[in-house]
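A short worksheet on the structure shown next.
The values are calculated or read from the model by the stated rules, or taken from the named source; none is laboratory data. As the structure is a computational prediction, the values presented were derived from the model and not from experiment. A quick note on method: Cβ atoms are made from the backbone with ideal geometry, for glycine too, and the neighbour counts reach across all protein chains shown. Remember, those area values only see protein heavy atoms, side chains included, never the ligands or the DNA or RNA. Shrake-Rupley method; radii C 1.70, N 1.55, O 1.52, S 1.80 Å.
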Amino acid sequence: MLVLVVDSSTPAVTAALVEVTASGVTTRAHRCTVDARAHGELLAPQVDAVLADVAARPADLHAIVAGVGPGPFTGLRVGLVTAATMSQVLDIPAYGVCSLDAIGHPAAAGEPVLAASDARRREIYWAIYDGAGQRLVGPEVSAPGVAAQRARDLAVTVAVGDGAHRYADQLGLPLRAEPRYPEANALATLAAERIRAGAPGDPLTPLYLRRPDAVAATARKSVLP
(Lines give C-alpha, C1' and ligand atoms only; values in the text may rest on other atoms or scores of the structure.)
Protein backbone atom coordinates (compact mmCIF):
# COMPACT_ATOMS: atom_id res chain seq x y z
CA MET A 1 0.00 0.00 0.00
CA LEU A 2 1.37 3.40 -1.00
CA VAL A 3 1.17 5.92 1.84
CA LEU A 4 1.92 9.64 1.95
CA VAL A 5 3.67 10.92 5.10
CA VAL A 6 3.77 14.60 6.05
CA ASP A 7 5.14 16.46 9.07
CA SER A 8 5.44 20.20 9.71
CA SER A 9 5.71 20.21 13.51
CA THR A 10 9.33 21.41 13.53
CA PRO A 11 11.50 23.57 11.23
CA ALA A 12 11.93 20.43 9.11
CA VAL A 13 9.16 20.33 6.49
CA THR A 14 8.82 16.70 5.46
CA ALA A 15 6.95 14.78 2.78
CA ALA A 16 7.58 11.15 1.89
CA LEU A 17 6.05 8.19 0.12
CA VAL A 18 6.35 4.84 1.83
CA GLU A 19 5.18 1.37 0.94
CA VAL A 20 3.50 -0.53 3.75
CA THR A 21 3.51 -4.30 3.40
CA ALA A 22 2.80 -7.19 5.73
CA SER A 23 6.49 -7.40 6.57
CA GLY A 24 7.47 -3.77 7.04
CA VAL A 25 7.67 -0.19 5.81
CA THR A 26 9.91 0.92 2.93
CA THR A 27 10.60 4.54 1.98
CA ARG A 28 10.25 5.08 -1.76
CA ALA A 29 10.65 8.86 -1.99
CA HIS A 30 11.56 11.56 0.52
CA ARG A 31 11.89 15.33 0.74
CA CYS A 32 12.88 17.32 3.82
CA THR A 33 13.75 21.03 3.98
CA VAL A 34 14.66 22.80 7.22
CA ASP A 35 13.07 26.25 7.15
CA ALA A 36 10.98 27.42 10.10
CA ARG A 37 9.35 30.22 8.08
CA ALA A 38 8.28 28.44 4.91
CA HIS A 39 6.05 25.51 5.86
CA GLY A 40 3.18 26.74 3.69
CA GLU A 41 5.39 27.38 0.68
CA LEU A 42 7.33 24.12 0.89
CA LEU A 43 4.98 21.29 1.78
CA ALA A 44 2.69 21.11 -1.26
CA PRO A 45 5.59 21.20 -3.79
CA GLN A 46 7.32 18.49 -1.79
CA VAL A 47 4.22 16.31 -1.95
CA ASP A 48 4.14 16.80 -5.72
CA ALA A 49 7.86 15.97 -5.91
CA VAL A 50 7.68 12.66 -4.03
CA LEU A 51 4.73 11.55 -6.16
CA ALA A 52 6.68 12.42 -9.30
CA ASP A 53 9.73 10.54 -8.02
CA VAL A 54 7.86 7.25 -8.23
CA ALA A 55 5.56 8.19 -11.13
CA ALA A 56 2.52 7.99 -8.84
CA ARG A 57 -0.69 10.00 -8.74
CA PRO A 58 -2.70 11.08 -5.70
CA ALA A 59 -5.28 8.46 -6.69
CA ASP A 60 -2.65 5.76 -6.09
CA LEU A 61 -2.47 6.58 -2.39
CA HIS A 62 -4.08 4.23 0.13
CA ALA A 63 -3.61 6.37 3.25
CA ILE A 64 -1.95 9.45 4.71
CA VAL A 65 0.10 9.69 7.91
CA ALA A 66 0.61 13.07 9.56
CA GLY A 67 2.70 14.19 12.51
CA VAL A 68 0.27 15.90 14.91
CA GLY A 69 2.91 17.67 16.97
CA PRO A 70 3.52 19.04 19.46
CA GLY A 71 4.61 22.09 17.53
CA PRO A 72 4.02 25.81 17.02
CA PHE A 73 0.55 26.72 15.77
CA THR A 74 1.47 28.28 12.43
CA GLY A 75 3.74 25.51 11.16
CA LEU A 76 1.89 22.52 12.57
CA ARG A 77 -1.45 23.38 11.02
CA VAL A 78 0.08 23.39 7.50
CA GLY A 79 0.75 19.65 7.58
CA LEU A 80 -2.51 18.78 9.28
CA VAL A 81 -4.66 20.84 6.92
CA THR A 82 -2.83 19.31 3.95
CA ALA A 83 -3.34 15.78 5.26
CA ALA A 84 -6.98 16.33 6.20
CA THR A 85 -7.84 17.96 2.87
CA MET A 86 -6.20 15.23 0.79
CA SER A 87 -7.86 12.58 2.94
CA GLN A 88 -11.30 14.04 2.29
CA VAL A 89 -10.78 14.68 -1.43
CA LEU A 90 -9.29 11.23 -2.10
CA ASP A 91 -11.63 9.46 0.35
CA ILE A 92 -8.76 7.68 2.09
CA PRO A 93 -7.97 7.47 5.81
CA ALA A 94 -5.51 9.80 7.52
CA TYR A 95 -3.71 8.69 10.66
CA GLY A 96 -2.09 10.96 13.24
CA VAL A 97 1.12 10.16 15.10
CA CYS A 98 2.79 12.21 17.83
CA SER A 99 5.76 13.83 16.10
CA LEU A 100 8.02 13.36 19.11
CA ASP A 101 7.38 9.60 18.86
CA ALA A 102 9.06 9.72 15.45
CA ILE A 103 12.19 11.06 17.16
CA GLY A 104 12.18 9.03 20.37
CA HIS A 105 11.05 5.67 19.01
CA PRO A 106 13.83 5.20 16.44
CA ALA A 107 16.43 6.58 18.89
CA ALA A 108 15.63 4.03 21.60
CA ALA A 109 18.30 1.36 21.81
CA GLY A 110 17.70 -0.48 25.05
CA GLU A 111 17.98 2.60 27.28
CA PRO A 112 15.59 5.40 28.28
CA VAL A 113 15.77 8.43 26.01
CA LEU A 114 14.53 12.02 26.17
CA ALA A 115 13.26 13.36 22.83
CA ALA A 116 12.93 17.12 22.47
CA SER A 117 12.07 19.70 19.82
CA ASP A 118 12.40 23.46 20.03
CA ALA A 119 9.29 25.18 21.41
CA ARG A 120 10.82 28.69 21.27
CA ARG A 121 10.48 31.07 24.25
CA ARG A 122 13.43 29.16 25.79
CA GLU A 123 11.28 26.06 26.15
CA ILE A 124 11.14 22.60 24.60
CA TYR A 125 8.48 20.11 23.63
CA TRP A 126 9.60 16.83 25.15
CA ALA A 127 8.74 13.24 25.97
CA ILE A 128 10.56 10.31 27.55
CA TYR A 129 10.72 6.82 26.07
CA ASP A 130 11.78 3.47 27.46
CA GLY A 131 14.41 1.25 25.87
CA ALA A 132 11.85 -0.23 23.49
CA GLY A 133 10.73 3.18 22.26
CA GLN A 134 7.43 3.28 24.15
CA ARG A 135 6.47 6.70 25.49
CA LEU A 136 6.56 6.91 29.29
CA VAL A 137 6.01 10.64 29.87
CA GLY A 138 4.67 13.48 27.74
CA PRO A 139 4.36 15.14 25.42
CA GLU A 140 4.87 18.27 27.50
CA VAL A 141 6.16 21.80 27.02
CA SER A 142 8.41 23.38 29.64
CA ALA A 143 11.77 24.93 30.36
CA PRO A 144 14.63 22.50 29.68
CA GLY A 145 15.42 22.32 33.41
CA VAL A 146 12.02 20.80 34.15
CA ALA A 147 12.54 18.12 31.52
CA ALA A 148 16.05 17.49 32.82
CA GLN A 149 14.80 16.84 36.35
CA ARG A 150 12.14 14.42 35.09
CA ALA A 151 14.77 12.67 32.99
CA ARG A 152 16.98 12.22 36.05
CA ASP A 153 14.04 10.79 37.99
CA LEU A 154 13.58 8.14 35.30
CA ALA A 155 17.29 7.37 34.88
CA VAL A 156 17.36 8.65 31.29
CA THR A 157 20.85 8.28 29.85
CA VAL A 158 20.65 10.07 26.48
CA ALA A 159 18.80 12.88 24.71
CA VAL A 160 17.85 13.26 21.05
CA GLY A 161 16.22 15.82 18.78
CA ASP A 162 16.84 19.41 17.76
CA GLY A 163 15.57 20.74 21.09
CA ALA A 164 18.05 18.54 22.95
CA HIS A 165 20.90 19.91 20.85
CA ARG A 166 19.83 23.51 21.38
CA TYR A 167 19.65 23.13 25.16
CA ALA A 168 22.29 20.47 25.72
CA ASP A 169 23.96 22.46 28.51
CA GLN A 170 20.72 22.68 30.50
CA LEU A 171 19.66 19.08 29.94
CA GLY A 172 23.04 17.71 30.96
CA LEU A 173 22.68 14.48 28.98
CA PRO A 174 24.81 12.85 26.28
CA LEU A 175 23.38 13.59 22.82
CA ARG A 176 22.45 11.19 20.08
CA ALA A 177 23.15 12.83 16.71
CA GLU A 178 20.10 11.44 14.91
CA PRO A 179 17.25 11.76 14.40
CA ARG A 180 17.28 15.51 14.77
CA TYR A 181 13.70 15.88 13.46
CA PRO A 182 10.69 13.52 13.11
CA GLU A 183 11.51 10.70 10.70
CA ALA A 184 8.97 9.95 7.97
CA ASN A 185 9.67 6.22 8.05
CA ALA A 186 9.16 6.18 11.83
CA LEU A 187 5.84 8.03 11.51
CA ALA A 188 4.66 5.43 9.00
CA THR A 189 5.94 2.53 11.10
CA LEU A 190 4.03 3.79 14.13
CA ALA A 191 0.83 3.93 12.06
CA ALA A 192 1.48 0.74 10.07
CA GLU A 193 -0.70 -1.54 12.18
CA ARG A 194 -3.70 0.73 11.67
CA ILE A 195 -2.95 1.02 7.96
CA ARG A 196 -2.73 -2.75 7.46
CA ALA A 197 -5.97 -3.27 9.38
CA GLY A 198 -7.79 -0.64 7.33
CA ALA A 199 -8.76 1.15 10.54
CA PRO A 200 -10.90 4.29 10.38
CA GLY A 201 -8.93 7.48 10.02
CA ASP A 202 -8.19 9.89 12.87
CA PRO A 203 -9.53 13.44 13.34
CA LEU A 204 -5.89 14.71 13.26
CA THR A 205 -6.19 16.76 16.42
CA PRO A 206 -3.09 18.98 16.74
CA LEU A 207 -0.96 18.86 19.89
CA TYR A 208 -0.35 22.56 20.35
CA LEU A 209 0.18 22.34 24.15
CA ARG A 210 -0.09 26.14 24.23
CA ARG A 211 -2.77 28.66 23.51
CA PRO A 212 -2.21 30.68 20.30
CA ASP A 213 -0.46 34.02 20.70
CA ALA A 214 -3.24 35.87 18.85
CA VAL A 215 -6.48 36.11 20.83
CA ALA A 216 -9.76 37.85 20.13
CA ALA A 217 -10.31 41.16 21.86
CA THR A 218 -12.60 40.89 24.89
CA ALA A 219 -13.80 44.48 24.77
CA ARG A 220 -13.85 47.41 22.39
CA LYS A 221 -11.23 50.09 22.89
CA SER A 222 -12.26 53.70 22.90
CA VAL A 223 -10.86 55.81 20.08
CA LEU A 224 -11.74 59.05 21.86
CA PRO A 225 -9.10 60.99 23.82
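In table form, for the structure just shown:
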item: FRET efficiency, 1/(1 + (r/R0)^6) with R0 30 Å, evaluated for T33 and A109 via beta carbons; result: 0.60
item: Fluctuation leader among R176, R196, R28 - the chain, Gaussian network, Cα springs under 10 angstrom; result: R196
item: Surface share of carbon and sulfur [accessible, 1.4 angstrom probe, percent] for the range 35-164; result: 51 percent
item: Furthest towards positive pole of dipole, S87, L100, Q149, structure part the chain, Cβ charges; result: Q149
item: Within a Gaussian network of the chain (alpha carbon springs, distance under 10 Å), most fluctuating of A148, A94, A127; result: A148
item: Relative contact order %, the range 20-146, counting alpha carbon pairs below 8 Å whose residues are six or more apart; result: 17 percent
item: Scattering curve values for the range 28-71, log₁₀ I(q)/I(0), Debye with Cα scatterers, q = 0.15 Å⁻¹; result: -0.45
item: Two-site label geometry, E178 and A197: point separation in nm, points 7 Å out along Cα→Cβ; result: 3.1 nm
item: Charge dipole (debye, nearest 20) of the chain; +1 at Cβ of Lys and Arg, -1 at Cβ of Asp and Glu; result: 740 debye
item: Fully extended contour minus Cα-Cα distance, from R57 to A143, at 0.36 nm per residue; result: 26.6 nm
item: The range 130-153 versus the range 56-75: alpha-carbon centroid distance in Å; result: 26 Å
item: Identified option (computed Rg and Dmax of the Cα atoms in Å; candidates [x] 20.9, 73; [y] 18.1, 55; [z] 18.3, 72); result: [z]
item: FRET efficiency for S23 and R166, using Cβ-Cβ distance with R0 set to 35 Å, rounded to 0.05; result: 0.40
item: Per residue, the convex hull volume that the Cα atoms of the range 74-114 enclose (Å³); result: 74 Å³
item: Additional length obtainable on full extension of the chain from R152 to A44, 0.36 nm per residue less Cα span; result: 34.8 nm
item: Along each principal axis, Cα extent of the range 34-139, largest first, Å; result: 41, 31, 24
